[in-house]
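Notes follow the structure.
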Amino acid sequence: MKKFLLVIPVFFILSLAIAQIPTPDAYRKAQSELAAKNYWEAIPLLKQFTDPKEYGNLANYASFHLGEAFLGANQPAQAVAALEPVATGSWAKSDDAKYLLGIAYFKNQQNVEALQIIKRIKDDKIMEMAENASYDNLKQVSVSFMIANLQEFKGNRGFGEALKRVLESQTILSATEREAYYELQGKANENRNVVKDQVLDIAVILPFTNSSRTSLTSIPPSDFVFELYQGLQYGVEQLKKAGIKVNMLTFDSKRDVTHLKKVLADPAIASADIIIGPIYQEETDLVSSFAETAKIPFVHPLSNLGDRFEELNYSYLFRPTVSSIANGVVEGLRKQNWGKRVAIGYSASSRDEMLAKVLQDQLGSAGFQLVKFEQITPKNTSSFLQGLGIRQGQSNMPVDQIILLTDDPTIAQPAFSLMESITASIPTLVMDSWLGFNFANYEMLEFPNFYFIGNNTLNLYGEPMQKFRNSFYNKNLILPSLNTALGVELINWISSNISDTKGFDLRRNLDQKAFQAGKLTWGFNFQGTHNNQCVPLFTLEAGELKPLD
């Protein structure tokens, strides 16, 4: 916004052009003292001439300059009293008086009154100065005050710029604050997803470095962030080979919110069609807020913790939330009809604790009986299962199915070993991550009692997955990790829902189908939601993973 210097004596200079108004010596003396910034000397001299009955139009000028003097002496309340009578009247300098009264109101913490008097200024040049003064005095005012008065004063450009500054200084915006920001941008009814070109622009923001790892060269190949990035990069390369116009720009968040704010100021982020990452909550909160304000889809690539995204418009989880996982588990148990008695063991991770609590509520509502609900560790997993009757020679067990919520192999190993040693046949639901544990040979079990909870599960035996594994190995001489495969599938999913043929409106395209087949995974359902609601249960048949009917 164009800025002007606020110099109070400008009015003293302007007011010298008083047409043929007699100026007594005392009044001339007052003018001289005011010009010399001897405000306290000027004040009593000017007060003598403020009676309109005695001095007519000269009284208007005297009151006006008296207001100047009081402001110069840092007496805004007295400036208000001097200026109010002449700011509402009709005379040559009434707009000048309104401007000066607005300044006095601002200085006296009467912001609403200041904005109201400024609205009445008709002279364009004076209004421009008043808008600059509005910005200067409101740029650090509380956001609640600004939003409460937005509708009344949004015509004041200085007010609007001040509110934008206040909003942009905040890390997180509420729904009301975002709507105010949209309105200030003139985007309240604008669809941002207008195709400016035919190129799919992807911005990737990941924490490659941090306070302890300051160099990109020090990132080990087994680091999950590097694995994910490898997958994203591979997916983009495949799109380019297929003739799809795509551009991926990558940024290091450094796991530093201050640095991340600077990253988000990059014009390349603002022009992106979609943002992938970052990972950690303090970072994702910031990027999610930015995405909601800028109306750019943001996708968290790995987490299950994002139920809050369901209340937003532009923030997504690529994987299912804990609520979606719980829904999938409860629906699966209903269909199998193994019985109503359920035991849940869960690890100390945030996801597993939250998922266990959601399952506890949903299973109860669905008519299941929770016979055991306990946190498990590598040390107590065996005793947890044995307490449920998983022991040699036990036939009548007090539970019909067991759910173990953990991705930790040190917890999974004693559970699998116990099941294997006593040939237990009870249905046991575990996360699909157990499929990757090298100690678990499910084909050797006497009873195929392990069932796997979908979490963007890879279709390990599908032809696209086999081609990807071979191609990736030929290029990198290592097999792709789970995170790498998910990175590739995330690019596949994006390109299936944002393209020059389908359009760049992600939300609209996701809502067109309840189910979308995956290429490397078993599929997606984002219809009417902001996470993958496709959470099947799987079983192993002849060594091949299949959805449970």
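Output the residue which, of all residues in the range 32-60 that are within 16 Å of A82 (Cα to Cα) and polar (S, T, N, Q), is most open to solvent (accessible area, probe 1.4 Å).
Q48
Which members of the range 523-549 meet the condition of being at positive phi and either in a strand (DSSP E or B) or open to solvent by less than 60 Å² (accessible area, probe 1.4 Å) (or both)?
G523, G543
Mind listing whichever residues of the range 40-67 are within 25 Å of D124 (Cα to Cα) and either in contact with a Ser or Thr (Cβ under 9 Å, 6 or more places away or on another chain) or assigned to a loop (DSSP other than H, G, I, E, B) (or both)?
Matches in the range 40-67: N60, Y61, A62, S63, F64, H65, L66.
Being at pLDDT 95 or above and either within 33 Å of the chain's Cα centre (by Cα) or farther than 17 Å from R341 by Cα (or both) is true for just one of Q360, Q401. Which residue is that?
Only one candidate qualifies: Q360.
Determine, yes or no, whether S433 is surrounded by fewer than 21 Cβ atoms within 10 Å (Cβ to Cβ), under 21 Å from N327 (Cα atoms) and free of Cβ contacts under 8 Å to residues at least 60 places away in the same chain.
Yes; evaluated as a whole, the condition is true for this residue.
For the range 214-226, give me each residue that is open to solvent by 30 Å² or more (accessible area, probe 1.4 Å) and either outside any loop (DSSP other than H, G, I, E, B) or of a type in the set (G, A, S) (or both).
Selection gives S215, L216, T217, S218, S222, F224, F226.
Each row is one residue, and each column tells you yes or no for (1) farther than 16 Å from V80 by Cβ; (2) open to solvent by 10 Å² or more (accessible area, probe 1.4 Å); (3) assigned to a helix (DSSP H, G or I); (4) not polar (S, T, N, Q).
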| residue | (1), (2), (3), (4) |
| --- | --- |
| L100 | no, no, yes, yes |
| E113 | no, yes, yes, yes |
| I118 | no, no, yes, yes |
| M127 | yes, yes, yes, yes |
| S144 | yes, yes, yes, no |
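Regarding D400, is this residue open to solvent by 20 Å² or more (accessible area, probe 1.4 Å), in contact with a Gly (Cβ under 6 Å, 6 or more places away or on another chain) and not aliphatic (A, V, I, L, M)?
yes
Determine, yes or no, whether T501 is more than 24 Å from the chain's Cα centre (by Cα) and surrounded by 21 or more Cβ atoms within 10 Å (Cβ to Cβ).
It is false that T501 is more than 24 Å from the chain's Cα centre (by Cα) and surrounded by 21 or more Cβ atoms within 10 Å (Cβ to Cβ).
What number of residues within the range 364-397 are within 14 Å of A424 (Cα to Cα) and either touching a helix residue (DSSP H, G or I) at 6+ places or on another chain (Cβ under 6 Å) or not in a helix (DSSP H, G or I) (or both)?
13
On the given criteria, is E282 among the charged types (D, E, K, R), crowded, with 21+ Cβ neighbours inside 10 Å, under 11 Å from the mean Cα position of the chain (by Cα) and in a helix (DSSP H, G or I)?
In short, no.
Just to be sure before I move on: is A73 open to solvent by 10 Å² or more (accessible area, probe 1.4 Å) and hydrophobic (A, V, I, L, M, F, W, C) in the structure I sent?
Judged against the criteria, A73 is a match.
Return yes or no: is K240 touching a residue at least 12 places away in the same chain (Cβ under 8 Å) and open to solvent by 50 Å² or more (accessible area, probe 1.4 Å)?
no
Can you give me the number of residues within the range 398-419 that are assigned to a helix (DSSP H, G or I) and touching a helix residue (DSSP H, G or I) at 6+ places or on another chain (Cβ under 7 Å)?
The qualifying residues number 5.
With the requirement that a residue be part of a helix (DSSP H, G or I) and not β-branched (V, I, T), what does the range 259-274 give you?
H259, L260, K261, K262, L264, P267, A268, A270
For every residue, the table says whether it meets (1) more than 20 Å from F318 (Cα to Cα); (2) in contact with a helix residue (DSSP H, G or I) (Cβ under 7 Å, 6 or more places away or on another chain); (3) free of Cβ contacts under 8 Å to residues at least 40 places away in the same chain; (4) not acidic (D, E).
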| residue | (1), (2), (3), (4) |
| --- | --- |
| N459 | no, yes, no, yes |
| S471 | yes, no, yes, yes |
| N474 | yes, no, yes, yes |
| L477 | yes, no, yes, yes |
| P480 | no, yes, no, yes |
| E489 | no, no, no, no |
| I494 | no, no, no, yes |
| N497 | no, yes, yes, yes |
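Being in a loop (DSSP other than H, G, I, E, B), modelled with pLDDT of 70 or more and surrounded by fewer than 18 Cβ atoms within 10 Å (Cβ to Cβ) is the filter here, so list the residues in the range 171-213 that pass it.
S174, D197, Q198, V199, N210, S211, S212, R213
Any idea which residue in the range 438-459 is farthest from the chain's Cα centre (by Cα), counting only those that are buried (at least 16 other Cβ atoms within 10 Å of the Cβ) and closer than 13 Å to L540 by Cβ?
Going through the qualifying residues, I end up with L445.
Condition first: within 21 Å of K241 (Cα to Cα), modelled with pLDDT of 95 or more and touching a strand residue (DSSP E or B) at 6+ places or on another chain (Cβ under 7 Å). Now tell me which residues in the range 499-520 satisfy that.
G518, L520
Inspect all residues belonging to the range 467-476 and state whether any of them is open to solvent by 30 Å² or more (accessible area, probe 1.4 Å) and either farther than 20 Å from F226 by Cα or among the acidic types (D, E) (or both).
The answer is yes; a qualifying residue exists.
The values are calculated or read from the model by the stated rules, or taken from the named source; none is laboratory data. Since we're looking at a predicted model, the values are computed, not measured. No Cβ is skipped: glycine too gets one built from the backbone with ideal geometry, and neighbour counts run over all protein chains shown. SASA here: full protein model, heavy atoms, side chains in, ligands and nucleic acids out. Shrake-Rupley method; radii C 1.70, N 1.55, O 1.52, S 1.80 Å.
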